[in-house]
Amino acid sequence: MKRTLLVIGAKGMLGRDLVGVLHSSFPDDEVVGWDIEEIDIQKEGESVFKIGKLRPNIVIHVAAYTDVDGCERDEEKAFAVNAEGTKHVALAALRCRAKLIYLSTDYVFDGIRREPYVESDLPHPLNAYGRSKWQGEQYAQELVKNGLIIRAQWLYGRYGKNFVASILQQAREKKALSIVNDQIGSPTYTVDLAKAISVLIQFNAQGVFHVANSDWCTWFAFGQAILNLSGMNEVKVIPISSEELDRPAVRPSYSVFNCQKLKEKTGLTLRPWSEALNDYMATYRLTIDEPDSREGR
Ligand SMILES: NC(=O)c1ccc[n+]([C@@H]2O[C@H](COP(=O)([O-])OP(=O)(O)OC[C@H]3O[C@@H](n4cnc5c(N)ncnc54)[C@H](OP(=O)(O)O)[C@@H]3O)[C@@H](O)[C@H]2O)c1
């Protein structure tokens, strides 16, 4: 039977790649992509009505207010979109008996642990973004039984503001870059994450799953790798502390995921982050000579 898969947040960085991957993975199904122009998840009535009218079999909710420092400055908006918005999507999914898949984040954890986080570790967010996403997880879990929550981290991809684009842009303008060297995580390519989401759908996975490219690094090491691959080796990279950077939102110093549960359920292990980065930069020819000509939105 032909199913309808609805992606909410379809014009975001992950959403764009996800819609493409779902089309290829499920050619017999209908894939519908909505973003803020089609549905404002902050509005309960609109969300329930529009999703109810479409009657999707699966709702993949990747819409969010993702500006971490913006969330810190405006926690009300963070909760209105990331927590209450998710509640509205979950209520709509419940009403039309759709499976709900919700994208969450490593920022639900405080980073105090020094071993990779497993799904059952207790969240304790340090910032407003993390708190709002954690509340979103709780709504998703309480309202829709048998749903799927996927926690991701350190995303970069073709269609959105991200660390890779930002480093390349800065490197074209400056001779030296200061990059934080006391936060550890796993940079993850949105295409790899999108493929993992489609595999989790194929396996009808339920519950919470951690998904990230393998291996880990600091933002500093990630930045160095980007510059090396782009041929901008002459740009100096200076390691600094999070305290020196002094951003409004506190970030966890350790965000590494244990992704064993994903492997046990599906057999899948995502490739190392360095391999994925190499592939990404080669695919889009992100070099010193070729400015990133992303389409954006
Ligand atoms: N980026 C990361 O490093 C990261 C890490 C871990 C988890 N995640 C999670 O992964 C998911 C995708 O992240 P992303 O980086 O791809 O995000 P993104 O590029 O910011 O995309 C999110 C999309 O949601 C839309 N949106 C915002 N408010 C909305 C509303 N009220 N109603 C409907 N749509 C709305 C945004 O539209 P506008 O652009 O117009 O606001 C945007 O198109 C999110 O759930 C995020 O929390 C991201």
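Under 1.5 on a/c is rounded, so check that first for the range 15-88, then, if it is not, pick prolate when a/b is larger than b/c and oblate when it is not; a ≥ b ≥ c are the square roots of the alpha carbon gyration tensor eigenvalues. Note, shape of the range 15-88 comes out oblate. Between Ser166 and Gln202, what is the FRET efficiency for a Förster distance of 22 Å, r being their Cβ-Cβ separation, to the nearest 0.05? Plugging the Cβ-Cβ distance into 1/(1 + (r/R0)^6) gives 0.05. This ranking places Ser253, Ser104, Ser166, Ser132 by how few other beta-carbon atoms lie within 10 Å of each, fewest first, which gives Ser166, Ser253, Ser104, Ser132. Ordered by the count of other Cβ atoms within 10 Å of each Cβ, fewest first, Asp246, Asp40 give Asp246, Asp40.
Hey, for a label at Ile36 modelled as a point 7 Å past Cα toward Cβ, could you say which residues of the range 142-175 have their backbone N under 17 Å away? Zone members listed by number: 159-162. FRET efficiency for the Arg113 to Glu234 pair, using the beta carbon distance and R₀ = 30 Å, is estimated at 0.20.
The order of Cys71, Cys259, Cys217, Cys96, going from fewest to most other C-beta atoms within 10 Å of their C-beta, is Cys96, Cys217, Cys259, Cys71. Output the pairs from Lys11/Lys77; Lys236/Lys261; Lys43/Lys261; Lys133/Lys195; Lys77/Lys174 with a Cα-Cα distance over 30 Å in this structure; if there are none, say none. Checking Cα-Cα distances, Lys236/Lys261; Lys43/Lys261; Lys77/Lys174 exceed 30 Å. Which one, Gly147, Gly231, Gly157, has the greatest fluctuation when you compute a Gaussian network model over the chain with C-alpha springs under 10 angstrom? Checking each option, the largest mean-square fluctuation is seen for Gly231. Computed per residue of the chain from DSSP H runs no shorter than four, each worth -39500 (n - 2.57), the mean residue ellipticity at 222 nm is -11500 deg cm²/dmol. Annotation for Lys145 and Leu268: the two label points, set 7 Å from Cα along the Cα-Cβ direction, are 2.7 nm apart.
Using a Gaussian network model of the chain in which every pair of alpha carbons under 10 angstrom is joined by a spring, one finds that among Ile112, Ile184, Ile41 the greatest mean-square fluctuation is at Ile112.
Among the trypsin sites (Lys or Arg not before Pro) in the range 124-155, those located in a DSSP loop and surrounded by at most 11 other Cβ atoms within 10 Å of their own Cβ are Lys145. A Förster radius of 41 Å combined with the Cβ-Cβ distance from Lys77 to Asn57 puts the calculated FRET efficiency at roughly 0.85.
Set the Cα radius of gyration of the chain against 2.2 N^0.38 Å, with N its number of residues, and you get 0.98. Working from Cα pairs under 8 Å separated by at least six residues, relative contact order for the range 77-135 is 44 percent.
FYI, it's all coordinate maths here, none of it is from the lab. Here the structure is a predicted model, which is why all the values come from computation and not from measurement. Positions of Cβ are backbone-derived with ideal geometry, glycine not excepted, and every protein chain shown enters the neighbour counts.
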